[in-house]
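The values are calculated or read from the model by the stated rules, or taken from the named source; none is laboratory data. This is a predicted model, so every value here is computed, not measured. So basically every Cβ, Gly included, is an ideal-geometry build from the backbone, and we count neighbours across all protein chains shown. To get the accessible areas, we keep the full protein, side chains included, count just its heavy atoms, and leave off ligands, DNA and RNA. Shrake-Rupley method; radii C 1.70, N 1.55, O 1.52, S 1.80 Å.
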Amino acid sequence: MTDDEKFLWKDISVEDAYRFTRENAKDIIALGFDLEKTFIFSDFDYVGHMYRNIVQIARCITGSTSRAVFGFSDSDNVGKFSFPAIQAAPSFSSSFPHIFRQNKLPCLIPCAIDQDPYFRVTRDVAPRLGLLKPALIHSKFFPALQGQNTKMSASSTTSAIYLTDTAKEIKTKINKYAFSGGGATIEEHRANGANLDVDVPFQWLRFFLLDDVKLEHIRQEYGSGRMLTGEIKKELISILQHL
């Protein structure tokens with residue numbers, strides 16, 4: 001859990017970053033991970049165990065590489081420049097000697113596309129250290145409630161639906177904050193239909209609605225303008241409240 005990244009990139013305290021991490025860990029556990037086969041760690045707590053790998057990785061990443069790949073500038077704090085090495089270290093089994101007896105076990109990393117630059121650098125560095133390159137699975141990016149160009153954040157409670165949200169809170173968030181690709185007026189919507197590529201309720205239904213036939217029906221009805229924004233939001237609210 002990258003509580004150090006939260007602290008370096010956001011204007012929050014160390015205590016808040018650590019608290020957000022603990023809450024995120026609860027969310028992960030709630031999804032049904034087997035506790036006997038899962039190791040969840042905070043960078044703040046565990047980074048010392050990975051430090052040998054971190055400094056070896058850091059020596060392979062130049063400042064110019066950090067600038068070119070991550071867009072860092074002179075105004076960024078020095079912690080951001082060093083973070084790619086910290087992010088890379090868990091890719092290698094030698095960072096977890098208490099779990100793995102072998103130092104060269106392959107690693108598979110499921111991640112969102114925005115994390116790809118870190119692990120491209122990791123894959124470049126690995127052979128220079130005599131380590132195996134990690135493999136990646138890119139997941140589809142799950143948009144924040146405010147739309148495609150925004151990101152869910154633990155420090156912004158209106159950007160996401162939390163497992164701890166009540167049914168009323170879920171309804172309020174979806175109705176008030178979920179970005180709509182529908183028309184500005186009913187007449188405009190009926191005439192032109194919804195832009196499904198930017199409509200958050202539809203994008204979320206692609207993840208949460210398990211009935212593909214129903215999803216396709218909604219795509220056609222809402223995309224053509226026959227279904228209104230309020231109706232698709234109602235469908236999403238019902239599913240999330242049930243979850």
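Values as computed for the structure displayed
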{"item": "Subset of segment 59-84 that is free of Cβ contacts under 8 Å to residues at least 40 places away in the same chain and surrounded by 14 or more Cβ atoms within 10 Å (Cβ to Cβ) - its residue that is farthest from PHE119 (Cα to Cα)", "result": "ASP76"}
{"item": "Pairs where the first residue, in segment 169-193, is closer than 19 Å to GLU221 by Cα and touching a residue at least 40 places away in the same chain (Cβ under 8 Å) and the second is acidic (Asp, Glu) and outside any helix (DSSP H, G or I), C-beta under 7 Å, 6+ apart", "result": "SER180/ASP199; GLY182/ASP199"}
{"item": "Residue that is most open to solvent (accessible area, probe 1.4 Å) [pool: residues in segment 105-147 that are farther than 21 Å from TRP204 by Cβ and hydroxyl-bearing (Ser, Thr, Tyr)]", "result": "TYR118"}
{"item": "Flag for LEU236 being closer than 28 Å to ALA25 by Cα and open to solvent by 50 Å² or more (accessible area, probe 1.4 Å)", "result": "no"}
{"item": "Within segment 162-182, considering residues that are out of contact with any Asp or Glu (no Cβ under 9 Å at 6 or more places or on another chain) and part of a loop (DSSP other than H, G, I, E, B), the one nearest to ASP16 (Cα to Cα)", "result": "ASP165"}
{"item": "Considering residues of segment 149-183 that are within 17 Å of HIS242 (Cβ to Cβ) and of a type in the set (D, E, K, R) only, the residue surrounded by the most Cβ atoms within 10 Å (Cβ to Cβ)", "result": "LYS173"}
{"item": "First in segment 33-47 and within 14 Å of GLU5 (Cα to Cα), second anywhere and open to solvent by 50 Å² or more (accessible area, probe 1.4 Å) and in a helix (DSSP H, G or I), Cβ under 7 Å, 6 or more apart", "result": "SER42/TYR18; PHE44/TYR18"}
{"item": "Breaking point among (1) open to solvent by 70 Å² or more (accessible area, probe 1.4 Å); (2) modelled with pLDDT under 90; (3) within 19 Å of the chain's Cα centre (by Cα), for PHE7", "result": "(2)"}
{"item": "Only one of GLN56, GLN87, GLN102 that is open to solvent by 90 Å² or more (accessible area, probe 1.4 Å) and under 25 Å from GLY130 (Cα atoms)", "result": "GLN102"}
{"item": "Segment 195-211 - residue that is within 9 Å of SER180 (Cα to Cα) and out of contact with any helix residue (DSSP H, G or I) (no Cβ under 8 Å at 6 or more places or on another chain) and, of those, least open to solvent (accessible area, probe 1.4 Å)", "result": "VAL200"}
{"item": "Helices (runs of 4 or more DSSP H) (entirely within segment 43-161) containing at least 2 residues that are more than 24 Å from the chain's Cα centre (by Cα) and not small (Gly, Ala, Ser)", "result": "51-60"}
{"item": "Segment 11-28, residues that are open to solvent by 80 Å² or more (accessible area, probe 1.4 Å) and either in a helix (DSSP H, G or I) or in contact with a Ser or Thr (Cβ under 6 Å, 6 or more places away or on another chain) (or both)", "result": "GLU15, ARG19, ARG22, LYS26"}
